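The values are calculated or read from the model by the stated rules, or taken from the named source; none is laboratory data. Since the structure is predicted, the reported quantities are computational estimates derived from the model, not experimental observations. Note: ideal-geometry Cβ built from the backbone for every residue, glycine included; neighbour counts use all protein chains shown.
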Amino acid sequence: MDKHEKQYLLDSFNVGDAWRLFKIMAEFVEGFESLSDINPCVSIFGSARTKPGDDAYEKTVLIARKLAEAGYNILTGGGPGIMEAGNKGAREGGGRSVGLNIRLPMEQKPNPFADMHLEFKYFFVRKVMFIKYAQAYVGMPGGFGTLDEIFEAITLIQTNRIKPFPVILFDTSYWGGLMEWIKNELLAHGMIKAEDLDLFTLTDDPDMVVKIIKKTVIV
């Protein structure tokens, strides 16, 4: 390969990066314009694999409905499982029901209960939308994606990058082991401070979720 061929490949790579940047900017612009009037809003996270009839699914519907009835809009990842349950509860409670769907190799279809659907290619752009437009997070039982969203919010609050807001983990039987690990490992080894444990709350009571959010987020 001579120097001209190398320069051609380098120029092609740079052009590709530039176009990618425009695509990223376009996703930010669409998200900002579409969600500018969504407040007050609560994001609900959880597994896409949870089925209707499962306890976590039905509890999510209940929590979302109670929050919507209290005047909050609901923001989810837009797909099936817990996301679908959150959008369903929002619609039943008369709140705005928004889904931020992500394009994946294994296609994640938007659920039918979101009144507004936005689709994202880039996970990090989608996460900015959750952080920017939600005044509270509710983490239902979920996998790596749920952990990612919850811990990013906790980290941003801990480091004073965003204003503190309620981060609630629902279902102590599911999250309790993680809580014990955080205490026994992170806290015990000095990786976090004792007050960092106050950055999130565990509960099994749907009414407590609403109470915590209403105490902090004014409608």
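Scanning the range 11-36 for residues that are of a type in the set (F, W, Y) and either modelled with pLDDT under 95 or in the same structural domain as R126 (by TED's automatic domain parsing) (or both) gives F13, W19, F22. Considered as a group, the residues in the range 123-168 that are out of contact with any Leu (no Cβ under 8 Å at 6 or more places or on another chain) and of a type in the set (G, A, S) include one that is nearest to L199 (Cα to Cα), and that residue is A153.
Among the residues making up the range 165-213, those that are assigned to a loop (DSSP other than H, G, I, E, B) and either hydrophobic (A, V, I, L, M, F, W, C) or within 20 Å of the chain's Cα centre (by Cα) (or both) are F165, P166, D171, A188, M191, I192, F200, D204.
Looking at R65, R91, R103, which is the one that is within 16 Å of the chain's Cα centre (by Cα) and of a type in the set (D, E, K, R)? It is R103. Which one of P112, P141 is part of a loop (DSSP other than H, G, I, E, B), surrounded by 14 or more Cβ atoms within 10 Å (Cβ to Cβ) and out of contact with any strand residue (DSSP E or B) (no Cβ under 7 Å at 6 or more places or on another chain)? Criteria check complete, one pass: P141. Out of the residues in the range 89-101 that are in a helix (DSSP H, G or I) and in contact with a Ser or Thr (Cβ under 8 Å, 6 or more places away or on another chain), which is surrounded by the most Cβ atoms within 10 Å (Cβ to Cβ)? Checked the range 89-101; the qualifying residue surrounded by the most Cβ atoms within 10 Å (Cβ to Cβ) is A90.
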